[in-house]
Amino acid sequence: MGWPDIAIWAAFAAAQIADVLTTRRVLDQGGRELNPVVAFLMDHLGQKWWMAKLALVWAAGLALWWFGLPWAVLAIAIVTGAVAMNNWREARR
């Protein structure tokens, strides 16, 4: 595993953590979850929703990597990072 691989996984991890933290902030301010899968997890798992969300996303990332699709892992990181940025903007309102 070379530095590009490490960079992809670092971006993936950072984006996932940022998404969870900013989502929690928006929810604390009265916002709502727009992703129906995560909303389902929230409805059924309560405060522990984020553990299942991270487990699912990491499982997907590892599966994509295993199938030789590192670009897809990076794409998830980019999209999730954009979602976290949007959450951050919403939380600042």
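The values are calculated or read from the model by the stated rules, or taken from the named source; none is laboratory data. From a predicted model like this one, the values you see are computed outputs, not experimental measurements. Counting neighbours? That spans all protein chains shown, and the Cβs are built from the backbone with ideal geometry, glycine included.
If we keep just the residues of the range 7-39 that are within 9 Å of the chain's Cα centre (by Cα) and not small (Gly, Ala, Ser), which is farthest from Ala52 (Cα to Cα)?
Residue satisfying both the conditions and the ranking: Phe12.
Among the residues of the range 77-93, how many are in contact with a helix residue (DSSP H, G or I) (Cβ under 6 Å, 6 or more places away or on another chain) and modelled with pLDDT of 95 or more?
In the first step, residues of the range 77-93 are kept if they are in contact with a helix residue (DSSP H, G or I) (Cβ under 6 Å, 6 or more places away or on another chain); the result is 77, 80-81, 83-84, 87-88, 90-91.
Among the residues that remain, those that are also modelled with pLDDT of 95 or more are: 77, 80-81, 83-84, 87-88.
Number of matching residues: 7.
Of the residues that sit in the range 28-56 and are touching an Asp or Glu at 6+ places or on another chain (Cβ under 7 Å) and modelled with pLDDT of 95 or more, which one is nearest to Thr80 (Cα to Cα)?
Within the range 28-56, the first condition is being touching an Asp or Glu at 6+ places or on another chain (Cβ under 7 Å), and the residues that meet it are 31, 39, 42.
Still in the running and modelled with pLDDT of 95 or more: 39, 42.
On the way: Ala39: 16, Met42: 18 Å.
Only one residue tops the list, namely Ala39.
So, of the residues in the range 79-93 that are surrounded by 13 or more Cβ atoms within 10 Å (Cβ to Cβ) and over 10 Å from the mean Cα position of the chain (by Cα), which turns out to be nearest to Ile6 (Cα to Cα)?
Met85
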